[in-house]
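Heads up, the thing below is written out as structure tokens.
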Amino acid sequence: MAEEMIYNQAEEHLSPQRYAEMKAEVGRYLYVAGKYPSSEWEQFVGFTPAADMYYQVNVGVAVDSGQAPNIFAMALICRDMSKDFCHIVWEPGDRWLPLGGRAGT
């Protein structure tokens, strides 16, 4: 669900350059990764998502160890499919402030 929404909405939410970069990396270094959400989501959705009810999906380009993350979008989805909840943060970069500092996956 989240991956499809990100791909479908990318052109309208990313700059033309970033959208072209994302399209160019499909099948090469573009990745989709999921993990349990952290409390940092509260700044975007107004609540701390419980790991048993929500999941985070990141779409970005794989980078070498030590390089800054290259993330196009991060999505928070509800595990209960009847809820139809998906909140996407585009180009999270420095707006995403995990406890450790810089944005990450």
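Using only Cα atoms, tell me the angle between helix 16-25 and the longest principal axis of the chain; keep it within 0 to 90° and round to the nearest 10.
Its long axis makes an angle of about 90 degrees.
In deg cm²/dmol and to the nearest 500, what is the mean residue ellipticity at 222 nm of the chain if only DSSP H runs of at least 4 residues count, each as -39500 (n - 2.57), divided by the residue total?
My calculation for the chain gives -7000 deg cm²/dmol from helical runs alone.
When only the heavy atoms of the protein chains count and the probe is 1.4 Å, how do Glu3, Glu40 rank by accessible area, highest first?
The most accessible residue leads, giving Glu3, Glu40.
Taking just the alpha-carbon atoms of the chain, what radius of gyration and Dmax come out, in angstrom?
Reported Rg and Dmax, both Å: 13.5, 40.
Quick one: length gained pulling Ala20 to Ala50 fully straight, 0.36 nm per residue minus the C-alpha distance?
7.3 nm
Using a 1.4 Å probe over the heavy atoms of the protein chains, calculate the carbon and sulfur portion of the accessible area of the chain as a whole percent.
49
For the chain, what does the accessible surface come to per residue with a 1.4 Å probe? Please give it in Å².
Details: 6180 Å² over 105 residues.
Accessible area per residue: 59 Å².
Under the Karplus relation 6.51 cos²θ - 1.76 cosθ + 1.60, θ = phi - 60°, what is the ordered set of whole-Hz ³J(HN,Hα) values for the range 76-88, x standing for Gly and Pro?
Calculated HN-Hα couplings, in order: 10, 10, 8, 6, 7, 4, 6, 7, 6, 9, 8, 10, 10 Hz.
The values are calculated or read from the model by the stated rules, or taken from the named source; none is laboratory data. This is a predicted model, so every value here is computed, not measured. Quick note on the areas: whole protein, heavy atoms, side chains included, nothing else; ligands and nucleic acids left out. Shrake-Rupley method; radii C 1.70, N 1.55, O 1.52, S 1.80 Å.
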